[in-house]
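Asker: Pasting a structure below so you can have a look.
The values are calculated or read from the model by the stated rules, or taken from the named source; none is laboratory data. Everything numeric in this text was worked out from a predicted model, so none of it was measured. Every residue, glycine among them, receives a Cβ derived from its backbone with ideal geometry; neighbour counts consider all protein chains shown.
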2 protein chains.
Amino acid sequence: MSERTRTSRQRLFARGLALALSAGVALASLGLAAGAFAAAPTLSDEQFKDAQFIYFDRCSGCHGTLRKGATGPAINDEEMLKQKLSKLEETIFEGTDAGMPGWGRTGDLTQDQAKLMSKFLQLPAPIPPEMGLKEMKASWKVKVPVAERPKKQQHDYDIDNMFGVILRDAGKGAFIDGDSKELVSIVDTGYAVHIFRASATGRYFYTIGRDGKVTMTDLYAKKPAVVAEARVCLDARSVDVSKYKGPKGDFIDKYALVGCYWPPQMVVLDGQTLEPLKVISTRSSTYDTNEYHPEPRVATIVASHHDPEWVVAIKETGMVWLVDYSDLDNLSMTQIATERFLHDGGWDATKRYLLIAANMRDQIAVVDTKEKKFVTKFETGVKPHPGRGANWDDPKYGPVSATTHLGEGLIVVYGSDPAGHPEHAWKVLREEETGGPGLFLKTHPNSNHVWTDATLAKDEGDNQQICVFKKDDFDAGANCWQATDRGKIVHFEYNKAGDEVWTAVWDKDGEIIVYDDKTLEVKKRIKGDWLVSPTGKWNVYNTVHDVY
Amino acid sequence: MSERTRTSRQRLFARGLALALSAGVALASLGLAAGAFAAAPTLSDEQFKDAQFIYFDRCSGCHGTLRKGATGPAINDEEMLKQKLSKLEETIFEGTDAGMPGWGRTGDLTQDQAKLMSKFLQLPAPIPPEMGLKEMKASWKVKVPVAERPKKQQHDYDIDNMFGVILRDAGKGAFIDGDSKELVSIVDTGYAVHIFRASATGRYFYTIGRDGKVTMTDLYAKKPAVVAEARVCLDARSVDVSKYKGPKGDFIDKYALVGCYWPPQMVVLDGQTLEPLKVISTRSSTYDTNEYHPEPRVATIVASHHDPEWVVAIKETGMVWLVDYSDLDNLSMTQIATERFLHDGGWDATKRYLLIAANMRDQIAVVDTKEKKFVTKFETGVKPHPGRGANWDDPKYGPVSATTHLGEGLIVVYGSDPAGHPEHAWKVLREEETGGPGLFLKTHPNSNHVWTDATLAKDEGDNQQICVFKKDDFDAGANCWQATDRGKIVHFEYNKAGDEVWTAVWDKDGEIIVYDDKTLEVKKRIKGDWLVSPTGKWNVYNTVHDVY
C-alpha cells in the first residue's frame, strides 16, 4: 500500500488547499482537520451498514446526508468527536429540548442502537453514489401500458371524492371512497411514503417514498392498482404534477416531478408512464453567503396553475426555483433568493403567491409566481410548519393565511391579499394557542373551521388532541378535545364538499376518524387491520385544485 | 490511527454503493476500484505540489481538474495505472498524433518534469477547495475608487481604436494606440491571461487570468492603469460584460461576468469596482445521459445586445445557459441542450445566433438567443475552433460564417442566414485548406479578406504562416506566406476602420505585425523588450460591437 493510499481525503484536501493558498488567496478553513480521526471509534462493515440505514431512516431528514445540518444542527464527525460517546448516546436516546425526538423514548431505537449511532456519528459521513437516467431507467417498470388502461372509469365511485391514504410503516397506500368510506384498494408504494399527489385530471395518484421510489395508481381501474413505478432518488420527499393548460400548451397529466434529497436533484418523469426524462441538479450556492453547498435538497414542489411551471423550494440554499416545463430541452427557470432551510408551503387563495416556511429561521417567505420574484419574509413563531397552509376570509382582515409550528403550540395568521388589503399583507394579524407543537392545519372555503393537530407534543394525551378555531370568532380561541387514546393525531383533509374532515390516528393499529365539520361530531371511524400507521391523506378534488 | 482512517475514499464509496444496491437499484460502476492504488508511485509533498502546478498550467485545460476529460481524454489514476510509467513519460514529452502537444519537444517541460508528471497521473487527482463570496472578497481591491476616476478621457488617443494585447508569460497586458501604434501603458494582470473584454462603452478593459484573477483598466486615465482587481476562481478562461440598454433597463458598464474552470461556477461582479456579487454554480447533469458531472467548466461567455443576458457555454455538460442579469436576486436563465465539450464561439452577423464549437464532437452547434432555443448542429472538420468566428457576405450563398480547426488545416464556411437564405442555413458550403491546424480566423465588414493562422502546425515554419482568403474569390484558395522566422503566428484583430490587421509573433521576444488589409503589405512591426509572448489582441470598438 503506497503512501498516497494512506493519505486519504485529508491529504487531498490539504494539497488542494496548499495550491490555493500558494496562489495568494485567503481561503476559509476547509476540509478535515489533521488528526481529527485519532480518537474515532471502529465499526465493522455490518455495523456500519446498519448504522447507515438508521441514519437514513431517522437522522438525515433534519441533519442532511452529509451531516451539514438543516432543520437540525450540523453533526459532522469533527463536531461529534468533541463530544463523549456516552453523551451522544444519551442525546440520541433521550432527545433534546431544541426539538430532537428521543429515539429511545419513542421506542424507535434500542439502547444498543443508540450506542451504535453515537459511534457512527464520530466517523466521516459516507457519500452515497449519484443517480443518472441510466440508473433510474434500470428500476423503471410500466406494469400496465397506457394502451391497456381503461378509457373511462370502471367503477361507480366519485373519483373526485376518493381519498388516498399513506400507510406509512406498511410501505403501502390505501384508496378509500369518500362517500361510502369503503376501502377500494391497497397498493404497494416506496418506503415510508411522504406524500401523495393527484394528476391534473385526478385520474392518477402519485406517491413518493423516502427511498426515492415513485409509483402511480390508476383510479379508473376497477380495483385501482400501480400502473408504473421507478426509483429516481436514494432519498426523497416530494412529487407533483404538471397542471397547466393554456396558450403555452396542454400539460394536463403530462409530467410528474420528483424532488430528491439525495442525490441533490429533481427528476422530470413522463406523467403517463413514469419514464425518467430529465435530471436537474440542485447543487448550487447559498442565497446569502454565495458559498457552494454540496447537498441542497428539494423540500417542496408546488405546481402552478397559471404557468407551465413547478415552484420548487431548495432547502439548504434558501432558493425557490420556478422551473418551466414547457420545453425540457431548452429549460428556463427563475431562481429566487428567499431564506435558508426552506421546508413546506403552499399557495395563497389566489394561487399567485407561494408561502413557504424557512422553519429554522422562524420565518415565512413570500414569492410572487406571476412577477417571478421575492416579495418579503416575516417571523411567525418557533419553526413554522404550514404543510400546504390554510387560506380563508377573516371578517376583520380579509383574505388571510396561517401556519402551525413544530416548536410551539401556536397558530399564526397573516394577511395574504396585497391587492385588496395591502395594509395587512404579509403581516402577522392573529396568534392563538393550539394543543401543542404540531405538524398540520387545514380548512376549506365552505367551512367556518380551521383544524390543527399537536402531533409533536411531548406528553401522550397532548399529541392526541385536535383543536378547531372558528373563522368568524377566532379571538375566542380553540375548541380542543382528545380524539384518541392511542397513537397520535396527525393531518387533516376535507372531503370535496367541504363538510367533512378526515384525520388519522397514527398508530400501528391505526384509524381514520371522519368528523362532521359543522357539528364536530364523529361521523365514522374507519378501522381495519390494513390501517397500519396512517398519516397523510388526500382528497382527489382538493389535491388537484389545491383547496386548503 | 483507526481503521476508518485507513479506509480512505474507496471504502466510503463502497459503503455508499452498498446502501444503494441493498435498496435494490442497479447502479453503474461507481467510485474507485479496490486495490487500484496498489502499484501507485510515491511523491513527496514538494514533488506533488510541483506536479500539481504543472498539471494546472499544462494539462487541466484539456483534461479537467478532476481528470475526467474534455478536449483531451479522461486521464484519471485508474486509467493511468494501466499504463507503464515510461510510456506515460514518453507521451507527456513527445505528445500524440491525436493532437496533444509534446511538452518536452516544445521546451515547456524537462525530462525530469515529464517523469514527475507520469507519476502524478497515477495518483488520485487532488480536489481543490471551493470559493465563495467571502474568499473572493478577501482578494478584491479597488485601486482607484469610482469617485476618483476622471470624468472624461485624459489623453488624445481615440479610445475606439486602442488595442489591448496579452503579454502572456509576463503576466501583463499592453495598451497600444491603434493610430500611432504607440505603446500607451503596460499593466499587471493575472497569470497567463486568456482574453480581454471591453466594457459596453469601451472605457474599461477587463482581463481574466488562468489563475482566476480579473482586472479592469480605465482607458480614460492619462496612463491607463488597473483600477480594480479580484480573484474569483482558482482556474478561469472567460470574462464578458453587460451590454444591454433598452426597455428592460440600462446595464451599460454595470456588470462583468467571470467564467471559472474551478470551482465550476460563474461569478457576477460589479462592472465599476469588480466587487463580487453573485456566484452561479455550473455543477449539473450532462445534456444527453443526464448524469451528474462534478466539474462542468465555463468555456465561453458572449454578451447579448438584444437582451440583458449572457450566453454561457458549459463545456462538459454540453449546455448553453442564457443567464438574465436584469434581476440578480430573482435570476432567470434558460438552459439549452446542445452538444458535449463546448469550447469557443461567437455571434452570427445579426447577433441573434450563437455559433459554438463542440470541438471534441467535430461539430458547430447553433443556438437562437431570441427564441432561446437550440436550432441545430452540424459537422465541420477535426476539432473546430472558431474563436469568436468570422461572418461575411458570400457572393454565391449570402451571409455565411466560418471556423478553423485545431485538428487539421481547414477552414469551413457555412450558411448563417436562415431568414434570407434558408436553403443554405447551417449547411457546410465551402472547405479550403489553410496553412495548418490553427487557432483563429478573422474578418471585418469593410474587408474582402479572411485571415487564418496555423499556430498548431507541428513543423516550425508552418506555424509561422498566415493564409488569407478572398471573400469574392474563395474558390481560388488562400494566399499564404511565412510572416516570421521565430515563434508562432497567432490571432488577428482588425483596427476600427477595418483596413488594418494586427497579428502576433508569439515568442519570448515577440512582435506585433500590422498589415495593410488591402495590399497585404506590412505597415508596421511593433517591437520592444516589453513585447513578451504577445498572443490575443482586441480593438476596443470591434470588441464592444462584436465585429468579427
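Asker: Taking into account only those residues within segment A:428-460 that are of a type in the set (A, V, I, L, M, F, W, C) and more than 22 Å from A:LYS377 (Cβ to Cβ), which is surrounded by the most Cβ atoms within 10 Å (Cβ to Cβ)?
Answerer: That would be A:TRP451.
Asker: Turning to a different aspect of this structure: Given (1) out of contact with any Cys (no Cβ under 9 Å at 6 or more places or on another chain); (2) under 21 Å from A:LYS458 (Cβ atoms), where does A:PRO422 come up short, assuming only one miss?
Answerer: (2)
Asker: Let me ask something else. Output the residues belonging to segment A:391-414 that are small (Gly, Ala, Ser) and either at pLDDT below 95 or farther than 14 Å from A:GLY346 by Cα (or both).
Answerer: Step one: list which residues in segment A:391-414 are small (Gly, Ala, Ser), which gives A:398, A:401-402, A:407, A:409.
Across segment A:391-414, the qualifying residues are A:GLY398, A:GLY407, A:GLY409.
Asker: If you scan segment A:91-150, which residues turn out to be at pLDDT 95 or above, over 30 Å from A:PRO224 (Cβ atoms) and among the hydroxyl-bearing types (Ser, Thr, Tyr)?
Answerer: Selection gives A:THR91, A:THR110, A:SER118.
Asker: Here is a follow-up. Only one residue in A:ASP188, A:ASP169 is among the acidic types (Asp, Glu), within 25 Å of A:GLY61 (Cα to Cα) and modelled with pLDDT under 95, so which one is that? Outline the logic, then answer.
Answerer: Numbers: A:ASP188 fails: modelled with pLDDT under 95.
When all the criteria are applied, what remains is A:ASP169.
Asker: Additional query: Does B:ALA200 qualify as being farther than 18 Å from B:VAL144 by Cα, away from every other protein chain (no Cβ under 14 Å) and over 15 Å from the mean Cα position of the chain (by Cα)? First the steps, then the outcome.
Answerer: Details: farther than 18 Å from B:VAL144 by Cα: yes; away from every other protein chain (no Cβ under 14 Å): yes; over 15 Å from the mean Cα position of the chain (by Cα): yes.
Spelling it out, B:ALA200 is indeed farther than 18 Å from B:VAL144 by Cα, away from every other protein chain (no Cβ under 14 Å) and over 15 Å from the mean Cα position of the chain (by Cα).
Asker: Looking at this structure, is B:LEU19 facing chain A (nearest Cβ under 9 Å), at pLDDT 90 or above and in contact with a helix residue (DSSP H, G or I) (Cβ under 7 Å, 6 or more places away or on another chain)?
Answerer: On the way: facing chain A (nearest Cβ under 9 Å): yes; at pLDDT 90 or above: no; in contact with a helix residue (DSSP H, G or I) (Cβ under 7 Å, 6 or more places away or on another chain): yes.
No; evaluated as a whole, the condition is false for this residue.
Asker: Give me the pairs: first residue in segment A:136-153 and within 14 Å of chain B (Cβ to nearest Cβ), second residue loosely packed, with under 15 Cβ neighbours inside 10 Å, beta-carbon distance under 8 Å, and six or more apart or on different chains, which are they?
Answerer: A:ALA138/B:ALA26; A:SER139/B:GLY24; A:SER139/B:ALA26
Asker: Is it the case that B:GLU130 is facing another protein chain (nearest Cβ under 7 Å), out of contact with any helix residue (DSSP H, G or I) (no Cβ under 6 Å at 6 or more places or on another chain), surrounded by 19 or more Cβ atoms within 10 Å (Cβ to Cβ) and outside any loop (DSSP other than H, G, I, E, B)? Give the steps one after another, and end with the answer.
Answerer: On the way: facing another protein chain (nearest Cβ under 7 Å): yes; out of contact with any helix residue (DSSP H, G or I) (no Cβ under 6 Å at 6 or more places or on another chain): yes; surrounded by 19 or more Cβ atoms within 10 Å (Cβ to Cβ): yes; outside any loop (DSSP other than H, G, I, E, B): no.
For B:GLU130, the condition - facing another protein chain (nearest Cβ under 7 Å), out of contact with any helix residue (DSSP H, G or I) (no Cβ under 6 Å at 6 or more places or on another chain), surrounded by 19 or more Cβ atoms within 10 Å (Cβ to Cβ) and outside any loop (DSSP other than H, G, I, E, B) - is not met.
Asker: State whether the residues of segment A:307-319 include one that is β-branched (Val, Ile, Thr), closer than 11 Å to A:TYR255 by Cβ, part of a strand (DSSP E or B) and modelled with pLDDT of 95 or more. First the steps, then the outcome.
Answerer: Applying the first criterion (β-branched (Val, Ile, Thr)) to segment A:307-319 yields A:311-312, A:314, A:317.
Narrowing further to those that are closer than 11 Å to A:TYR255 by Cβ: none.
No, every residue in segment A:307-319 fails to be β-branched (Val, Ile, Thr), closer than 11 Å to A:TYR255 by Cβ, part of a strand (DSSP E or B) and modelled with pLDDT of 95 or more.
Asker: Would you call B:VAL302 more than 10 Å from chain A (Cβ to nearest Cβ), of a type in the set (A, V, I, L, M), under 20 Å from the mean Cα position of the chain (by Cα) and crowded, with 24+ Cβ neighbours inside 10 Å? Break it down stepwise before answering.
Answerer: Values: more than 10 Å from chain A (Cβ to nearest Cβ): yes; of a type in the set (A, V, I, L, M): yes; under 20 Å from the mean Cα position of the chain (by Cα): yes; crowded, with 24+ Cβ neighbours inside 10 Å: yes.
When the stated conditions are applied, B:VAL302 passes them.
Asker: Another one. Based on this model, can you work out whether B:TRP538 counts as over 30 Å from B:GLY202 (Cα atoms) and in a strand (DSSP E or B)? Explain how you work it out, then say what you get.
Answerer: Numbers: over 30 Å from B:GLY202 (Cα atoms): no; in a strand (DSSP E or B): yes.
No: the conditions fail for B:TRP538.
Asker: Could you tell me whether any residue of segment B:454-465 is over 19 Å from B:ALA198 (Cβ atoms) and assigned to a strand (DSSP E or B)?
Answerer: Our first condition is that a residue be over 19 Å from B:ALA198 (Cβ atoms); within segment B:454-465, this holds for B:454-465.
From the residues that got through so far, the ones that are assigned to a strand (DSSP E or B) too are B:465.
Within segment B:454-465, one or more residues are over 19 Å from B:ALA198 (Cβ atoms) and assigned to a strand (DSSP E or B).
Asker: Somewhere in segment A:42-53, is a residue modelled with pLDDT under 95 and under 22 Å from the mean Cα position of the chain (by Cα)?
Answerer: Scanning segment A:42-53 turns up at least one residue that is modelled with pLDDT under 95 and under 22 Å from the mean Cα position of the chain (by Cα).
Asker: Report the residue count in segment A:324-363 for those that are outside any loop (DSSP other than H, G, I, E, B) and within 10 Å of chain B (Cβ to nearest Cβ).
Answerer: Initial filter on segment A:324-363 (outside any loop (DSSP other than H, G, I, E, B)): A:324, A:330-337, A:342-347, A:353-361, A:363.
Retained after the next criterion (residues that are within 10 Å of chain B (Cβ to nearest Cβ)): A:324, A:330-337.
Adding up the residues that qualify gives 9.
Asker: Something else: Looking at segment B:85-127, which of the residues that are within 14 Å of another protein chain (Cβ to nearest Cβ) and not in a helix (DSSP H, G or I) is surrounded by the fewest Cβ atoms within 10 Å (Cβ to Cβ)?
Answerer: B:ILE127
Asker: Of all residues in segment A:172-184, which are crowded, with 20+ Cβ neighbours inside 10 Å and either within 26 Å of A:ASP250 (Cα to Cα) or not aliphatic (A, V, I, L, M) (or both)?
Answerer: Residues satisfying the conditions are A:GLY173, A:PHE175, A:GLY178.
Asker: Can you tell me which residues in segment A:479-499 are touching a residue at least 40 places away in the same chain (Cβ under 8 Å), among the charged types (D, E, K, R) and assigned to a strand (DSSP E or B)?
Answerer: Listed by number, the list holds a single entry, A:GLU493.
Asker: So, in segment B:241-264, exactly how many residues are farther than 18 Å from B:MET136 by Cα and either touching a Leu at 6+ places or on another chain (Cβ under 9 Å) or not small (Gly, Ala, Ser) (or both)?
Answerer: Within segment B:241-264, the first condition is being farther than 18 Å from B:MET136 by Cα, and the residues that meet it are B:241-254.
Then keep just the ones that are either touching a Leu at 6+ places or on another chain (Cβ under 9 Å) or not small (Gly, Ala, Ser) (or both); that gives B:241-245, B:247-248, B:250-254.
Residues meeting the conditions: 12.
Condition check ((1) within 13 Å of chain B (Cβ to nearest Cβ); (2) under 29 Å from A:GLY209 (Cα atoms); (3) touching a residue at least 12 places away in the same chain (Cβ under 8 Å)) across all residues:
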| position | (1), (2), (3) |
| --- | --- |
| A:PHE53 | yes, yes, no |
| A:ASP57 | yes, yes, yes |
| A:CYS62 | no, yes, yes |
| A:THR65 | yes, yes, yes |
| A:ALA70 | no, yes, yes |
| A:ASP77 | yes, yes, yes |
| A:GLN83 | no, no, no |
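Asker: Same structure again: Consider A:PRO296 carefully, then state whether it is crowded, with 24+ Cβ neighbours inside 10 Å and facing another protein chain (nearest Cβ under 9 Å).
Answerer: Values: crowded, with 24+ Cβ neighbours inside 10 Å: yes; facing another protein chain (nearest Cβ under 9 Å): no.
When the stated conditions are applied, A:PRO296 does not pass them.
Asker: Looking at segment B:261-281, can you tell me whether even one residue there is under 24 Å from B:ALA357 (Cβ atoms), at pLDDT 95 or above and of a type in the set (D, E, K, R)?
Answerer: no
Asker: Would you confirm, using the coordinates I've provided, whether A:PHE48 is within 14 Å of another protein chain (Cβ to nearest Cβ), surrounded by fewer than 19 Cβ atoms within 10 Å (Cβ to Cβ), over 30 Å from A:TYR220 (Cβ atoms) and aromatic (Phe, Trp, Tyr)? If you could, list the steps in order and put the result at the bottom.
Answerer: On the way: within 14 Å of another protein chain (Cβ to nearest Cβ): yes; surrounded by fewer than 19 Cβ atoms within 10 Å (Cβ to Cβ): no; over 30 Å from A:TYR220 (Cβ atoms): yes; aromatic (Phe, Trp, Tyr): yes.
The answer is no for A:PHE48.
Asker: Scan segment A:271-282 and tell me whether some residue there is within 13 Å of chain B (Cβ to nearest Cβ) and farther than 21 Å from A:LYS137 by Cα.
Answerer: Residues of segment A:271-282 that are within 13 Å of chain B (Cβ to nearest Cβ), as a first pass: A:275-282.
With farther than 21 Å from A:LYS137 by Cα added as a condition, the list becomes none.
The answer is no; no qualifying residue exists.
Asker: Suppose we filter segment A:216-264 for residues that are more than 14 Å from chain B (Cβ to nearest Cβ), β-branched (Val, Ile, Thr) and surrounded by 22 or more Cβ atoms within 10 Å (Cβ to Cβ); how many remain?
Answerer: Total satisfying the criteria: 4.
Asker: Would segment B:335-345 turn up any residue that is farther than 20 Å from B:PHE440 by Cβ, among the hydrophobic types (A, V, I, L, M, F, W, C) and touching a residue at least 24 places away in the same chain (Cβ under 8 Å)?
Answerer: Here is the first cut: in segment B:335-345, the residues farther than 20 Å from B:PHE440 by Cβ are B:335-340.
Those left that are additionally among the hydrophobic types (A, V, I, L, M, F, W, C): B:336-337.
Subset that is touching a residue at least 24 places away in the same chain (Cβ under 8 Å): B:336-337.
For segment B:335-345, residues farther than 20 Å from B:PHE440 by Cβ, among the hydrophobic types (A, V, I, L, M, F, W, C) and touching a residue at least 24 places away in the same chain (Cβ under 8 Å): present.
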